[in-house]
1. Quick check: anything in region A:61-79 in contact with a helix residue (DSSP H, G or I) (Cβ under 9 Å, 6 or more places away or on another chain) and open to solvent by 70 Å² or more (accessible area, probe 1.4 Å)?
2. Applying the selection to region B:192-228, what residues are over 29 Å from residue A:109 (Cβ atoms) and under 14 Å from the mean Cα position of the chain (by Cα)?
3. Being open to solvent by 50 Å² or more (accessible area, probe 1.4 Å), under 18 Å from residue B:259 (Cα atoms) and not hydrophobic (A, V, I, L, M, F, W, C) is the filter here; which residues of region B:41-69 pass it?
4. Inspect all residues belonging to region B:173-195 and state whether any of them is surrounded by fewer than 21 Cβ atoms within 10 Å (Cβ to Cβ) and within 14 Å of another protein chain (Cβ to nearest Cβ).
5. Return the total of residues in region B:70-108 being out of contact with any helix residue (DSSP H, G or I) (no Cβ under 6 Å at 6 or more places or on another chain), in contact (Cβ under 8 Å) with a residue 40 or more places away in the chain, open to solvent by less than 40 Å² (accessible area, probe 1.4 Å) and outside any loop (DSSP other than H, G, I, E, B).
6. With B:220, B:254, B:212, B:229 as the choices, which residue is more than 11 Å from every other protein chain (Cβ to nearest Cβ) and aromatic (Phe, Trp, Tyr)?
7. Condition check: closer than 22 Å to residue A:75 by Cβ, facing another protein chain (nearest Cβ under 8 Å) and crowded, with 23+ Cβ neighbours inside 10 Å. Does residue A:124 satisfy that?
8. Considering A:144, A:93, which residue is among the aromatic types (Phe, Trp, Tyr), buried (at least 19 other Cβ atoms within 10 Å of the Cβ), away from chain B (no Cβ under 14 Å) and over 23 Å from residue B:225 (Cα atoms)?
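The values are calculated or read from the model by the stated rules, or taken from the named source; none is laboratory data. Quick caveat: nothing in here was measured; it's all calculated off a predicted structure. Ideal geometry is used to build each Cβ from the backbone, glycine not excepted, and the neighbour counts take in all protein chains shown. In case anyone asks, the SASA skips ligands and DNA or RNA and just uses the protein heavy atoms, side chains included. Shrake-Rupley method; radii C 1.70, N 1.55, O 1.52, S 1.80 Å.
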Amino acid sequence: MDGQITRREMIYGSALVLSGACVCQVAGGADKPRSTNCHAPDLEPESLTIGQKSLTIDLAKAPSLEAVGNAAYIMDKDRKLDIIVVHAERDEYFALSRFCTHAYRPISYIRTRKLLMCNNASHSIFDLTGQVVKGPAPEPIKSYAAKLVAGTLQITL
Amino acid sequence: MFRATLVLLFAGGFGVLVASAADPIPQEKVWRNPKDGMEFVWIPAGGFTAEVLDKDKKPSAQHVEFPGGFWMGRTEVTVKQFRRFVEQTGHVTEPEKEKNRWTWKRPWFEQADDHPVIYLGYSDVLKYAEWAGVDVPTEAQWLYACRAGTSTVFYWGDTMDDRHVWHRGNAGDATRPVAKKQSNPWGLYDMIGNAHEWCTSGKIGVLRGGSFTRCDRYRFLDGNWTEPFIWEVGLRLHDGSPLTQYPWDDDRGFRCVKRTE
């Protein structure tokens, strides 16, 4: 028997692997929208309430912003809204214009550096307050006050 | 017996994989520059049809021919190679002279010796080439070598393929060691992605190939998706107007061609 895997060991092993995969699936939220270095998913519209001079995001209805390090776009042509919301740290969110001030291209969130990068060749880089870190962008990108209130993110426009 | 057969099959399969992932280039097809140790591969004679703009910015087709072929650096010039150049010549780069916050010695992310050297202006790459006894490729040479006789958008096909390119989506936020992705059919590595490459266009330097800062794809303002690397390998030759892009940056490197005798 030495060196051979028994039927029981095989069944236990398989069960362990399968349960591990299931746990990873749940913990990792494989089906949840995730931002990349080049793109952010659209914020779930059902999470968003648009006021005259403010936006309210019900975070319980916004899986795209659930994980720290994720970002989501808010785009509404009628109301001229083009915003990127970043979940930078636990209970810390930022909201900024999603356009670079240099080439007017979308910006993306680089989670490893906690910075925003323009998607064009000159790739201007901004911090989370919108200030230019490097690159040819002539001015900061517009940032909006974002406050966490009882499970909602309130953004002042 | 069964186990032994499996091992042999696995080993055989691995051998095939290794051979196809990094086909060794016959030694007679490689020239090593004694000055910097750079390996050059032979780019066979041939040509391609480029697009050029006339005075009125109207595009027209122009056939570009390289009747004798040429040698091109297998990889982008590395940090280690550039350091040797600086140590021997005392060269001070454009960003250093201009007191730029970041330079090739002090990039804003960590770089190992085998990464492509960055933060260089066109004059810096010309100086390096002069020291190494080689040339900076012309834009047409670069395009011809990059396409490697293929007629697809990229030398591997028409859409992005992570096996060939370091881009923002897979490189993260820094350069990567040279020659880790698959080469093009003529044995050139990182022609697309990793570092942008300075080329000569008339009397000015232009950039080709895109870099690790380029997105593989992103959604444009109108909602459509775009693959910006397509622009980096486009066949339209630069019209000679000065480059208005940021002159030196964290993704501007180069490779060389051997001087024609």
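1. The answer is yes; a qualifying residue exists.
2. Listed by number, the residues that qualify are B:198, B:199, B:200, B:206.
3. Once the filter is applied, which keeps residues that are open to solvent by 50 Å² or more (accessible area, probe 1.4 Å), under 18 Å from residue B:259 (Cα atoms) and not hydrophobic (A, V, I, L, M, F, W, C), region B:41-69 yields B:65, B:67, B:68.
4. Taking every residue of region B:173-195 in turn, at least one turns out to be surrounded by fewer than 21 Cβ atoms within 10 Å (Cβ to Cβ) and within 14 Å of another protein chain (Cβ to nearest Cβ).
5. 6
6. From the options B:220, B:254, B:212, B:229, the qualifying one is B:254.
7. Against the criterion (closer than 22 Å to residue A:75 by Cβ, facing another protein chain (nearest Cβ under 8 Å) and crowded, with 23+ Cβ neighbours inside 10 Å), residue A:124 does not qualify.
8. Matching residue, one of A:144, A:93: A:93.
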